[in-house]
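Comments concern the structure below.
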Ligand SMILES: *Cc1c(COP(=O)(O)O)cnc(C)c1O
């Protein structure tokens with residue numbers, strides 16, 4: 001070797017340096033230090049054999065980590081309910097309830113009598129109390145499960161009458177018509193994509209009708225020459241109306257005037273309302289069923305109900321969310337743009353002091369997650385060069401923004417205020433000044 005350059009194999013990063021990397025350090029928490037050390041040591045060996053450049057050892061170790069469970073990320077996308085990011089983050093109260101319920105619980109036991117009790121009655125009581133218009137309530141795994149249970153128990157072998165304008169795809173290729181027909185119910189489609197009248201529904205009713213289904217088109221809007229029939233009118237037709245409101249708003253929210261809520265929908269005459277727990281309600285993934293006590297009882301007793309029952313952790317989180325509805329979702333929806341702007345400006349100033357040039361730009365946040373498709377929320381974002389997007393997304397914690405015309409926008413609306421410092425540090429970890 002003589003006077004040649006230092007053999008790169010001698011520059012292989014040390015184990016303790018590698019284990020201090022934020023991603024690898026975080027992995028030791030879930031995988032254990034020994035497993036991560038073994039992965040690091042394999043990557044070092046490859047560099048010593050000359051298969052890797054020493055600078056590639058860290059990345060090779062990260063790539064070799066087993067696929068982790070869901071990782072905590074910072075949502076700077078400006079999408080309040082991002083389905084790919086797990087929709088609603090739980091409130092601190094709900095998180096504490098989940099942790100507390102992780103051991104043995106009285107989920108199906110009455111401690112006073114020592115007898116078996118109705119499963120999850122705390123959550124059911126809280127839901128019933130939150131929507132007094134409901135004669136009874138039931139909870140299943142998600143919104144889709146709530147629809148499947150209603151369709152199976154009330155319309156298998158019979159017909160569900162539904163407008164062609166409401167046969168929606170709820171995401172990732174899952175379509176409501178397919179879901180409903182998988183239960184053995186037949187769909188009786190009425191009207192057209194843009195217009196359906198009450199006469200269309202009336203003409204389709206008969207002894208074969210299980211129920212009329214009203215679906216809130218929660219992830220798109222049809223505008224122009226349109227007409228749809230509301231629950232109030234459908235309820236006069238003499239058959240049960242099942243309303244899938246989607247978002248899980250229990251009462252009206254003035255910020256979201258076009259978003260149906262459970263209480264108003266029941267008062268308008270719906271026999272049953274179905275909704276998700278992890279959208280605007282801001283709770284865990286769950287399917288809520290509210291309405292006529294006799295119908296709810298039929299759903300509860302149907303054999304399929306057992307396959308859709310919710311776990312104790314979900315029940316714990318749902319109960320806490322219903323008792324303390326000040327959720328992060330609500331905070332993000334109602335965040336004051338002036339306050340958001342100040343947070344972004346402070347972040348820009350502090351990054352500037354460290355030589356990072358960022359800008360403060362107005363942004364538009366959305367509800368997302370199949371909710372309030374027309375609503376735009378005024379917001380503020382930190383604007384960085386696009387080259388920050390990938391390293392921030394793959395860092396620890398991952399920070400997700402939105403790339404718009406060559407810039408990465410970090411919208412702070414859905415970032416908890418106490419995480420601004422974590423965003424700053426993540427930006428500083430991206431190598432290079434601008
Ligand atoms: C989100 C949504 C669903 C599906 O609910 P999940 O909880 O995701 O299963 C069904 N219908 C409507 C109208 C929705 O918005």
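Quick note: the coordinates plus some simple rules give every number you see, no bench work behind them. These numbers come from a predicted model, not from an experiment. When we count neighbours, we look across all protein chains shown, and the Cβ atoms used for this are built from the backbone with ideal geometry, even at glycine.
Can you tell me how segment 155-251 classifies by the Cα gyration tensor, rounded, prolate or oblate, using a/c under 1.5 as the rounded cut? It comes out rounded by the Cα gyration axes. For segment 256-352, the spherically averaged projection of the C-alpha convex hull amounts to 9.3 nm².
Could you work out how far the C-alpha centroid of segment 363-413 sits from that of segment 127-167, in angstrom? Going from one Cα centre to the other spans 34 Å. Once the Cα atoms are used to define both axes, helix 420-429 deviates from the longest principal axis of the chain by about 40 degrees. Can you show me the helix-derived [θ] at 222 nm for the chain, built from DSSP H runs with n ≥ 4 at -39,500 (n - 2.57) apiece and divided by the number of residues, rounded to the nearest 500. So the calculated ellipticity at 222 nm is -10500 deg cm²/dmol.
Look at the Cα gyration tensor of segment 382-432: its axes a ≥ b ≥ c give a/c of at least 1.5 with a/b at or below b/c, and that counts as oblate.
Beta bridges per DSSP, both residues in the chain: antiparallel share near 60 percent. Computed from Cα atoms, the angle from the helix 121-130 axis to the main principal axis of the chain rounds to 70 degrees. Computed from the alpha carbon positions, the gyration tensor of the chain leads to an equivalent ellipsoid with semi-axes of 48, 26, 21 Å, biggest first.
Here the calculated FRET efficiency for residue 294 and residue 59, from their Cβ-Cβ distance with R0 = 41 Å, stands at 0.10, rounded to the nearest 0.05.
Using Cα springs under 10 Å in a Gaussian network model of the chain, which residue among 134, 202, 97 shows the largest mean-square fluctuation? Ranking 134, 202, 97 by mean-square fluctuation puts 202 first.
Rounded to the nearest 0.05, the FRET efficiency derived from the C-beta distance between residue 106 and residue 83 at R0 = 25 Å is 0.15. Highest average first, the peptides 351-360, 136-145 ordered by how many other beta carbon atoms sit within 10 Å of their residues are 136-145, 351-360. Name the shape class, rounded, prolate or oblate, that the alpha-carbon gyration tensor gives for segment 187-301, where a ≥ b ≥ c are the square roots of its eigenvalues, rounded holds for a/c under 1.5, and otherwise prolate holds if a/b is larger than b/c and oblate otherwise. It is oblate, given that a/c is not under 1.5 and a/b is not larger than b/c. At an R0 of 22 angstrom, the distance between the Cβ atoms of residue 115 and residue 309 translates into a FRET efficiency of 0.70. Kindly express, to the nearest 10 degrees and within the range 0 to 90, the angle between helix 33-48's C-alpha long axis and the longest C-alpha principal axis of the chain. Relative to the chain, helix 33-48 is tipped by roughly 50 degrees.
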